[in-house]
Amino acid sequence: MSMRRGLGGPGGRYLTEEEMANKPKVTKELLVRVFSYLKPYWKQLLLVLAAIAASSVFSLYPSILTGRIIDEGLIGRDLNALIKLIILSLAVTFGANLIGVLESYMNTWIAQHITFDMRNTMFRHLQQMSQRFFTSNNQGDIITRMTSDISGVQMVITNTFTSILSNSITLIIALIAMYRKNWVLATIGIIIVPLFTIPTRSAGKTRWNLTREAQECSDEINGILNETLSVSGQMLVKLFCREEAEYQKYEKANERMIKLNIKESMAGRWFRVVISTFTSIGPMLLYLVGGILMMKYDSNLTVGDITVLVALLGRMYGPVNSLLNIQVEWIRSMALFTRIFEYFDMPVEIKNKENALVPKEAHGNVSFENVCFHYDPEREILKDVSFTLESGHSIAIVGPSGSGKSTMINLIPRLYDVTAGSVKFDGVDVRDLDLVYLRSNIGVVTQDTYLFNGTIRDNLLYAKPDASEEELIEACKKANIHDFITAQPEGYDTIVGNRGLKLSGGEKQRVSIARVLLKDPALLIFDEATASLDSISEAKIQEAIDPLVDSRTSILIAHRLSTILAADEILVVKDGEIVERGRHSDLVQAGGVYTELYETQFAKAAELERQVREEQLAAA
Ligand code: ATP
């Protein structure tokens with residue numbers, strides 16, 4: 001998808017229907033903004049402009065010299081002049097090429113620097129975007145803007161801008177030179193060139209449409225490969241015995257691809273034969289008319305002049321063709337900039353207030369005061385939630401799936417901001433606190449643990465880059481994962497694999513607990529995984545959590561009875577409201593939501609826990 005949108009798309013010479021429908025509005029503001037990125041490099045740009053002009057002139061000059069080579073050297077039988085002119089012609093060609101090298105270097109340099117600036121600005125901006133942005137935007141789209149859209153800008157600068165300039169200059173100089181030689185022949189040239197370039201373009205369009213179809217087919221094939229040859233995909237295929245069906249699907253797409261490829265490479269082939277024959281009519285026409293003029297009317301016109309005119313005519317096809325494409329490239333470039341600016345202009349939803357507070361010490365007190373929240377105005381997720389957690393205490397939040405538990409805790413480190421009411425940290429509204437201060441004092445272990453591909457040590461150090469070996473080991477011991485790590489052949493340098501896939505769910509959780517402990521936050525938030533782990537893993541996690549709950553200010557989204565029992569207070573959430581609160585013994589008697597949850601979830605989990613403990617005791 002991304003490739004087809006960028007300038008580097010197949011053929012890339014015609015607008016797709018989608019592009020036609022979404023043509024950007026080119027306003028003065030847009031142009032000013034685009035050029036503002038070029039502004040810091042104006043000196044280098046001037047140099048490029050001069051180089052383009054010089055190389056265009058120099059590259060045409062040998063064609064003009066051909067006339068003198070013929071007239072003065074060959075027809076005039078002057079060997080001296082002939083050698084001089086040949087040397088001059090070679091020298092000019094060499095000079096034009098040298099300037100061309102400088103031009104490409106400067107051009108690439110400017111383009112790379114502009115995209116460097118844009119990429120950095122974009123990355124910084126995206127990092128400031130709120131969680132809402134990342135949950136509501138497709139990850140592929142975000143990456144496309146960062147990569148191929150910005151690379152597209154580079155193409156615009158190195159190709160589009162330079163091609164407009166150099167082709168226009170070449171064309172103007174060729175026309176001037178032709179008119180200076182003979183206006184009749186020059187006029188014939190002007191009429192001939194478009195006659196042959198326009199039909200070629202229409203043949204090109206047919207071919208390009210086929211290329212697009214082939215690209216779509218190739219995307220489909222890639223999709224099949226990605227899905228079926230990935231770890232989880234292969235597992236699914238195997239378990240459902242879908243090998244043959246997947247093979248058939250793959251073979252069918254592959255067959256379509258072959259047909260398209262053959263069609264594509266043959267499309268317009270015959271047409272091109274006709275066109276190229278016709279293209280040679282141009283020079284012949286000039287020879288004919290030039291010959292008639294020379295012989296019958298204009299004695300000043302020489303053989304050399306006619307040769308120059310024919311040579312210049314040949315040099316015009318390329319630039320005319322490119323300039324006919326300019327509109328397409330222009331629209332595409334502007335669409336590209338519009339898309340990039342759209343991202344730049346997205347407001348930063350959650351940011352530091354001016355004069356944000358940075359208190360000296362954090363204690364971890366949290367209070368929710370009449371908090372309301374929605375992701376989407378149509379549906380209120382939290383309704384008037386109030387509670388207080390004092391430093392040194394712990395709260396367990398329980399409730400049915402989807403009741404809003406994770407949402408509640410997301411409001412504390414300001415992954416989202418409340419829509420009404422306030423969340424306070426140590427008595428100060430979180431929106432008044434410095435974001436870095438707030439987030440450094442809160443440690444969150446999420447349900448879906450994220451480890452990046454690296455060693456266990458790298459993942460742990462993410463929380464505290466300067467942690468000592470002793471600190472690492474201490475945190476891992478507390479998280480009940482040290483023994484597992486040291487039992488690995490590589491120990492702390494074991495690679496965890498993509499997203500930590502080489503570790504089990506329980507091991508990943510314990511590594512992430514150790515990671516948070518290393519951060520040593522004033523408030524610990526633990527979103528217990530709902531996905532059931534095996535009972536031994538569960539017990540190990542439990543052993544890690546229980547002492548933490550006792551010693552730290554913590555909020556736990558709990559799915560296990562032992563976690564709930566360890567907490568000082570239980571909040572029961574249903575449909576975004578706190579419907580019950582208190583201690584286990586009181587709530588279980590009340591016959592409300594908690595009793596129901598206890599009977600359906602916790603009691604079963606507690607029974608499992610009891611069994612595991614008994615097994616462990618027996619084994620000991
Ligand atoms: P679970 O125990 O299954 O994790 P939960 O109680 O933590 O559930 P939340 O994740 O807080 O529930 O979700 C509460 C509601 O908000 C759900 O109905 C969910 O569909 C919705 N929701 C969650 N995240 C978003 C989001 N980013 N955008 C829109 N709606 C969301």
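The values are calculated or read from the model by the stated rules, or taken from the named source; none is laboratory data. Keep in mind the model is a prediction, meaning the values are calculated, not measured. So basically every Cβ, Gly included, is an ideal-geometry build from the backbone, and we count neighbours across all protein chains shown. Just so you know, the surface numbers come from the protein's heavy atoms only, side chains and all, with ligands and any DNA or RNA stripped out. Shrake-Rupley method; radii C 1.70, N 1.55, O 1.52, S 1.80 Å.
In the list Ser148, Ser168, Ser89, which residue meets the criterion of being surrounded by fewer than 17 Cβ atoms within 10 Å (Cβ to Cβ) and either in a loop (DSSP other than H, G, I, E, B) or among the small types (Gly, Ala, Ser) (or both)? Outline the logic, then answer.
Working: Ser148 fails: surrounded by fewer than 17 Cβ atoms within 10 Å (Cβ to Cβ); Ser89 fails: surrounded by fewer than 17 Cβ atoms within 10 Å (Cβ to Cβ).
None of the other options fit; the residue is Ser168.
Is it true that Asn480 is open to solvent by less than 60 Å² (accessible area, probe 1.4 Å) and at pLDDT below 90? Write out each step before concluding.
Numbers: open to solvent by less than 60 Å² (accessible area, probe 1.4 Å): yes; at pLDDT below 90: yes.
Judged against the criteria, Asn480 is a match.
For the structure I just gave you, tell me whether Ser55 is away from the ligand (no atom under 16 Å from the Cβ) and either at pLDDT below 90 or more than 30 Å from Asp149 (Cβ to Cβ) (or both). Show your work before the answer.
On the way: away from the ligand (no atom under 16 Å from the Cβ): yes; either at pLDDT below 90 or more than 30 Å from Asp149 (Cβ to Cβ) (or both): yes.
Taking the combined requirement at face value, the residue satisfies it.
When the residues of the stretch 257-270 are narrowed to those that are open to solvent by less than 100 Å² (accessible area, probe 1.4 Å) and modelled with pLDDT of 90 or more, which ends up nearest to the chain's Cα centre (by Cα)?
Per the stated criteria, the residue is Met257.
Is it true that some residue in the stretch 110-130 is surrounded by 12 or more Cβ atoms within 10 Å (Cβ to Cβ) and within 16 Å of the ligand (Cβ to nearest atom)?
Yes.
Checking Thr307 against (1) more than 26 Å from Ser163 (Cβ to Cβ); (2) polar (S, T, N, Q); (3) at pLDDT below 90, which test does it fail?
(3)
I'd like to verify a number: residues in the stretch 395-448 that are within 16 Å of the ligand (Cβ to nearest atom), more than 15 Å from Leu556 (Cα to Cα) and not small (Gly, Ala, Ser), how many?
Adding up the residues that qualify gives 7.
Go through the stretch 544-587 and give me each residue that's assigned to a loop (DSSP other than H, G, I, E, B), more than 15 Å from the ligand (Cβ to nearest atom) and either open to solvent by 30 Å² or more (accessible area, probe 1.4 Å) or in contact with a Lys or Arg (Cβ under 7 Å, 6 or more places away or on another chain) (or both).
Just the residues of the stretch 544-587 that are assigned to a loop (DSSP other than H, G, I, E, B), to begin with: 552, 558-560, 567-568, 575-576, 583.
Add one more test, that the residue is more than 15 Å from the ligand (Cβ to nearest atom), and what stays is 552, 567-568, 583.
Arg552, Asp568, Arg583 - these are the residues of the stretch 544-587 that are assigned to a loop (DSSP other than H, G, I, E, B), more than 15 Å from the ligand (Cβ to nearest atom) and either open to solvent by 30 Å² or more (accessible area, probe 1.4 Å) or in contact with a Lys or Arg (Cβ under 7 Å, 6 or more places away or on another chain) (or both).
Scan the stretch 378-402 for residues that are in a strand (DSSP E or B) and of a type outside the set (Lys, Arg) and report the count. So that I can check it myself, show each step before the final result.
Just the residues of the stretch 378-402 that are in a strand (DSSP E or B), to begin with: 379, 382-389, 394-398.
Still in the running and of a type outside the set (Lys, Arg): 382, 384-389, 394-398.
Qualifying residue count for the region: 12.
Pairs, please: C-beta under 8 Å, at least 6 apart or cross-chain, first residue among the β-branched types (Val, Ile, Thr) and in the stretch 359-373, second part of a loop (DSSP other than H, G, I, E, B)?
From the stretch 359-373, the pairs are Val366/Ile412; Val371/Leu411; Val371/Val418.
Could you check the stretch 403-435 and list, in sequence order, the residues that are assigned to a loop (DSSP other than H, G, I, E, B) and of a type outside the set (Gly, Ala, Ser)? Walk me through how you get there before you give the answer.
Taking the stretch 403-435 first, the residues assigned to a loop (DSSP other than H, G, I, E, B) are 403-404, 411-419, 426-427, 434.
Scanning the stretch 403-435 gives Leu411, Ile412, Pro413, Arg414, Leu415, Tyr416, Asp417, Val418, Thr419, Asp426, Asp434.
Out of Val289, Val273, Val237, I need the residue that is open to solvent by 40 Å² or more (accessible area, probe 1.4 Å) and of a type in the set (Val, Ile, Thr). Which one? I'd like the intermediate steps shown before the answer.
Numbers: Val289 fails: open to solvent by 40 Å² or more (accessible area, probe 1.4 Å); Val237 fails: open to solvent by 40 Å² or more (accessible area, probe 1.4 Å).
Of Val289, Val273, Val237, the one residue that is open to solvent by 40 Å² or more (accessible area, probe 1.4 Å) and of a type in the set (Val, Ile, Thr) is Val273.
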